[in-house]
Amino acid sequence: MNYEMKSSENNQYISGRSKTKMIIGDILQSFKISLIIYALVIVGAFIIATIYTISNNYQYKSDFIWGYGVQFLSFSYIWAFQILRYSMLIGMIVSCVGLFLTAVGFAKPIVMRPLDSEKQWRIYYEKFNIILAIGSICFFTLIYSLSLDVILVNLLNM
């Protein structure tokens with residue numbers, strides 16, 4: 001079933017998909033972008049955790065290089081835990097900042113107007129404006145971070 005959507009620029013009618021399919025497509029696009037952003041968060045957390053763990057565990061440096069003994073296993077556990085911990089923290093910070101920007105965007109109606117590059121934007125998002133796109137991406141990122149937090153809490157309580 002095709003619906004006609006009125007273009008905001010030149011009042012021409014564009015034949016397109018149903019509104020539900022457009023919204024689901026936009027949500028899936030936000031999901032893909034949030035996965036890419038969270039992958040970048042994990043890479044950043046990997047770098048921070050490596051620097052933090054090596055700088056705070058001088059006695060484990062030689063064991064990390066040579067790779068033997070219980071201390072190496074302890075270093076690996078600490079390092080992996082730090083990667084997960086920093087992934088969760090950085091992800092929460094990024095998502096909360098994005099959700100704050102979304103709240104500001106909803107409070108100021110002028111930000112909800114069409115973009116100057118509306119045609120380019122509609123290639124990626126059919127129904128969402130920039131505020132809804134940022135909000136949905138940050139919402140998915142917050143879900144990943146909270147899921148990781150629940151996993152870490154359950155691992156530590158074992």
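Tally up the residues in the range 140-157 that are surrounded by 16 or more Cβ atoms within 10 Å (Cβ to Cβ) and not polar (S, T, N, Q), please.
Selection size over the range 140-157: 5.
Filter the range 88-127 for residues that are over 29 Å from residue 147 (Cα atoms) and among the basic types (Lys, Arg) and give the result.
Within the range 88-127, 108, 113, 119, 122 meet the criteria.
Is the range 82-94 home to any residue that is of a type in the set (A, V, I, L, M, F, W, C) and under 23 Å from residue 27 (Cβ atoms)?
yes
Residues in the range 101-132 that are assigned to a helix (DSSP H, G or I) and either among the charged types (D, E, K, R) or touching a helix residue (DSSP H, G or I) at 6+ places or on another chain (Cβ under 9 Å) (or both): how many? Please lay out each step first, then the result.
The initial filter retains those residues of the range 101-132 that are assigned to a helix (DSSP H, G or I), namely 101-107, 109-112, 118-124, 130-132.
Checking which are either among the charged types (D, E, K, R) or touching a helix residue (DSSP H, G or I) at 6+ places or on another chain (Cβ under 9 Å) (or both) leaves us with 101-106, 111-112, 118-119, 121-122, 124, 130-132.
Final tally of qualifying residues: 16.
Please state which of the following conditions residue 36 fails to meet, knowing it meets all the rest: (1) touching a Phe, Trp or Tyr at 6+ places or on another chain (Cβ under 8 Å); (2) open to solvent by 100 Å² or more (accessible area, probe 1.4 Å); (3) modelled with pLDDT of 85 or more; (4) not polar (S, T, N, Q).
Evaluating residue 36 over (1) touching a Phe, Trp or Tyr at 6+ places or on another chain (Cβ under 8 Å); (2) open to solvent by 100 Å² or more (accessible area, probe 1.4 Å); (3) modelled with pLDDT of 85 or more; (4) not polar (S, T, N, Q) leaves (1) as the failure.
Restricting attention to the range 97-113, does a residue exist that is in contact (Cβ under 8 Å) with a residue 40 or more places away in the chain and over 14 Å from the mean Cα position of the chain (by Cα)?
No, the range 97-113 has no match at all.
The values are calculated or read from the model by the stated rules, or taken from the named source; none is laboratory data. Since we're looking at a predicted model, the values are computed, not measured. For neighbour counting, all protein chains shown are included, and Cβ atoms are generated from backbone atoms with ideal geometry for every residue, glycine included. Only protein heavy atoms, including side chains, enter the accessible area calculation; ligands, DNA and RNA are left aside. Shrake-Rupley method; radii C 1.70, N 1.55, O 1.52, S 1.80 Å.
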